[in-house]
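Chemist: Supplied in structure tokens, the structure appears directly below.
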Amino acid sequence: MLTIKNATTIHGETRDLHIHSSEDKTIQADGLTVLPAVIDPHVHFRTPGLEYKEDWRTGARAAVRGGCTMVFDMPNTKPPTFTADLLDEKKALIDQQLNEAGIPLRYQLFFGADKQHLNEIPGVKDAVVGIKVFMGCSTGNLVIDDDESLHAVFSIAARENMLVAVHAEDEHMIRERKASYHGEMNYHAHSHLRNVEVATTAVAKAVELTRRYGTRLYILHVSSAEEIDIIRTAKKDGLPVFAETTPHHLFFDTSAYDVLGGKAVVNPPLRDKKNREVLFSAIHEKIIDTIGSDHAPHTVEEKSKAYGECPSGMPGIEFMLPLLLNAYNEKKISLDEVVSLTSARARDIFHIPEHEDVVLVDLEKTITITRTVSKCGWSPYMGLTLRGWPVYTIIRGQCLNIT
Ligand code: DOR
Ligand code: ZN
């Protein structure tokens, strides 16, 4: 049994916790606050095929350092996860890497929707957390850009009672906007080319498909006020629509291009400051359900390339919880909201069985970010000073000291 003595709850009470464990151990948690461990519903840990950017040994270390004990991994790997066999192969590789790391990270996988492999979906329904649809191209070449396939995915998912997670950016609009663009090709152009309308067009389309088929819809990385408006209406109408935002859309805006260059390039792109404020309001209003790190590492060399060559995505899992705890200290968000965003809503939406994983955080601890354990070796948050850090992550009864 693992005993945690004198932990503080988010409502300020002092408690002892008893967690099933193979070891007999007591942790003095005076001054530490206990939260459910983070569930990160959106990571790209790059296995198979892109392990030079990240793998599950380094990804799992980054996760537990961020107080996270469960991740849902995306299918845009090499090859993509779009058949039952590829899914099995991916799981075997992940298990091997986690075993080597000695970290029993909990994980689930998204299945990639691909035109040529839609017939594979029913066979994996109990083996995946949902179907991932890229409505616009991002890293890799998974994309569903025709209405017929999109309707098919939503209708199969509804029939099989599977959730559809959408990367909602409209591929045709992206192509048109790129073709007719005559401005300077710099990093700022990214937010212009893949503008808010590109996202809202796809979100509106996905919501209409849910209205038609009744499919459970999870909208990934919501980044703008206009998407929030559509989602608010969908929720009011009683549709099974859920929304995720990311740490980078909450804590960065387009001014980050001037500081970070290509490291600030993500899909969907960073928006202006006004949209960040709306995202915080949408958290208070419970329109946004979850936060996903969209941990999408690329090497420094790749991210240093000029716009057009530089891949989209940034790592984030290690610092997502500290960023939120810092926002709590700045009175931008409550601890109840932090718990709701980082675990409680994900548990409801994805039907995650109860477990005892927790994270003990020191809300006063102040650290300047100077290093990362992610294999890519960089973080967009480098140099940032945050107040509120995880100290122990407890996973399957195992206590990992992460200081
Ligand atoms: O910025 C992004 N990076 N957005 C995505 O949709 C994919 C991700 C990646 O895998 O690199
Ligand atoms: Zn992603």
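Chemist: Between Lys236 and Thr26, how high is the FRET efficiency from 1/(1 + (r/R0)^6) when r is the Cβ-Cβ distance and R₀ = 35 Å? Nearest 0.05.
Modeler: 0.10
Chemist: Over the chain, with the other protein chains present, what is the accessible area per residue in square angstrom, probe 1.4 angstrom?
Modeler: I get 38 Å² per residue for the chain.
Chemist: Between the helical axis of 147-160 and the dominant principal axis of the chain, each derived from Cα atoms, what acute angle in degrees is found, rounded to the nearest 10?
Modeler: Value to nearest ten degrees: 40.
Chemist: Looking at the range 302-403, which trypsin sites (Lys or Arg not before Pro) are in a loop (DSSP not H, G, I, E or B) and have at most 12 other Cβ atoms within 10 Å?
Modeler: Answer in residue order: Lys331, Arg371.
Chemist: Another question about this same structure. For the range 57-71, what does the Karplus curve 6.51 cos²θ - 1.76 cosθ + 1.60, with θ = phi - 60°, yield as ³J(HN,Hα) per residue in whole Hz, taken in order and with x for Gly and Pro?
Modeler: With coefficients 6.51, -1.76 and 1.60, one gets 5, 6, x, 5, 5, 4, 4, 5, 5, x, x, 9, 10, 8, 10 Hz.
Chemist: State whether the range 310-403 is rounded, prolate or oblate according to the following rule on the C-alpha gyration tensor (a ≥ b ≥ c being the square roots of its eigenvalues): a/c under 1.5 gives rounded; otherwise a/b larger than b/c gives prolate, and the remaining case gives oblate.
Modeler: It is rounded, given that a/c, with a ≥ b ≥ c, falls under 1.5.
Chemist: Let me ask something else about it. What Kirkwood hydrodynamic radius do you get for the chain when you take the inverse of the mean 1/r over all pairs of distinct Cα atoms, in Å?
Modeler: Kirkwood hydrodynamic radius for the chain: 21.3 Å.
Chemist: What's the angle, to the nearest 10 degrees (0 to 90), between helix 196-213's Cα axis and the longest principal axis of the chain?
Modeler: Taking Cα atoms only, the helix is inclined about 90 degrees.
Chemist: Near the amide H of Met314, under 5 Å away, which other amide H atoms are found, from residues 5 or more places off or on another chain, if H is placed in the peptide plane?
Modeler: Amide H neighbours of Met314: Ala296.
Chemist: Probe 1.4 Å, all protein chains in place: accessible area of Asp126 in Å², nearest 10?
Modeler: Per-residue accessible area (Asp126): approximately 140 Å².
Chemist: What is the distance in Å between the Cα centres of the range 231-283 and the range 178-200?
Modeler: Centre-to-centre (Cα) distance: 17 Å.
Chemist: Taking only DSSP H segments of four or more residues, each worth -39500 (n - 2.57), what value at 222 nm results for the chain once the sum is divided by all its residues, to the nearest 500 deg cm²/dmol?
Modeler: -9500 deg cm²/dmol
Chemist: For Tyr107, what residues show an amide H to amide H distance below 5 Å, using hydrogens built from the backbone and excluding near sequence neighbours?
Modeler: Amide H neighbours of Tyr107: Val71.
Chemist: Next up: With a cap of 11 neighbouring Cβ atoms within 10 Å, and only residues DSSP puts in a loop, list the trypsin sites (Lys or Arg not before Pro) found in the range 59-130.
Modeler: Counting only loop positions with at most 11 other Cβ atoms within 10 Å, none of the trypsin sites (Lys or Arg not before Pro) in the range 59-130 qualifies.
Chemist: Please go through the range 302-355 and write out the GluC sites (Glu not before Pro) that DSSP classes as loop and that have at most 12 other C-beta atoms within 10 Å.
Modeler: Hits after loop and neighbour filter: Glu309, Glu330, Glu354.
Chemist: Ignoring ligands, DNA and RNA, please state the percent of accessible area on the chain from carbon and sulfur, probe 1.4 Å.
Modeler: Details: 7460 of 15430 Å².
The C+S portion of the solvent-accessible surface of the chain is 48 percent.
Chemist: Could you compute the net charge surrounding Ala168? Neighbours are other residues with a C-beta less than 9 Å from the C-beta of Ala168; K and R count +1, D and E count -1.
Modeler: Summing Lys and Arg as +1 and Asp and Glu as -1 gives -2.
The values are calculated or read from the model by the stated rules, or taken from the named source; none is laboratory data. Remember, predicted model here, so these are calculated numbers, not experimental data. Every residue, glycine as well, gets a Cβ built from its backbone with ideal geometry; the counts of neighbours run over all protein chains shown. These accessible areas exclude ligands, DNA and RNA; they are computed on the full protein's heavy atoms, side chains included. Shrake-Rupley method; radii C 1.70, N 1.55, O 1.52, S 1.80 Å.
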